[in-house]
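The structure under discussion appears below in the form of C-alpha cells.
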Amino acid sequence: MKIGELAERSGIAASAIRYYEQQGLLPKASRSANGYRVYSEASLERLHLIQIGQNLGFSLDTIRGVLSLEGMAYQDSLMQNLDARLEEIERMMATLSSQRETLLDTKRKLKESGLQGICSEINNSVKVTMSR
C-alpha cells in the first residue's frame, strides 16, 4: 500500500509515518518502479504498536528499543518497560494525591479564616522555617 493509504488506515499523518521511518521505528519502505513508497500490512501493525506505546506514555526512544528486539528479549523488555511505567504512574498518583490534599486543606482554611488569615499563617510558617 502507498503512504496515503497507510496514513488513512492507521490514522497517522503521512509526515509522521515518514518521520517514524527516518527515526528507525518503522522499517524503510520498498519503492515501486515509479518511486512511491510501498508498505506492507506489517507496517500497519507496527504503527499500531507505536500508537499504543505513545498512548501509554512511552517515549519514542523506549518504543524503538523494544521494537528492535525479538523473541524472549522482546517479551522481557516489554514487561520491564511496562513495570517501570506502572511504577512511574504510581509515583505521579501519590504526588497528585498529596497535592490534592494540600489544596483541599488550603481551601478549607480559606473558608474558615479568609484570605488574610491564610496569608498570615503561611507567612508565619515561612518565618519559622527560615529561622531554623
Options Ala33, Ala42: the member that is assigned to a helix (DSSP H, G or I), modelled with pLDDT under 95 and in the same structural domain as Gly4 (by TED's automatic domain parsing): Ala42
Glu88, sole failed condition from (1) under 30 Å from Ile3 (Cβ atoms); (2) assigned to a helix (DSSP H, G or I): (1)
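Rundown of residues vs (1) under 25 Å from the mean Cα position of the chain (by Cα); (2) among the β-branched types (Val, Ile, Thr); (3) at pLDDT 95 or above; (4) surrounded by 11 or more Cβ atoms within 10 Å (Cβ to Cβ), yes/no style:
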position: Ser68; (1), (2), (3), (4): yes, no, no, yes
position: Ile89; (1), (2), (3), (4): yes, yes, yes, yes
position: Met93; (1), (2), (3), (4): yes, no, yes, no
position: Lys109; (1), (2), (3), (4): no, no, no, yes
Set Leu56, Leu26, Leu44, Leu49: member being in contact with a Phe, Trp or Tyr (Cβ under 6 Å, 6 or more places away or on another chain) and either without any contact (Cβ under 8 Å) to a residue 40 or more places away in the chain or surrounded by 11 or more Cβ atoms within 10 Å (Cβ to Cβ) (or both): Leu26
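The values are calculated or read from the model by the stated rules, or taken from the named source; none is laboratory data. This one's a predicted model, so the numbers in the text were calculated from it and none came from an experiment. Glycine gets a Cβ as well: all are built from the backbone with ideal geometry, and neighbour counts include every protein chain shown.
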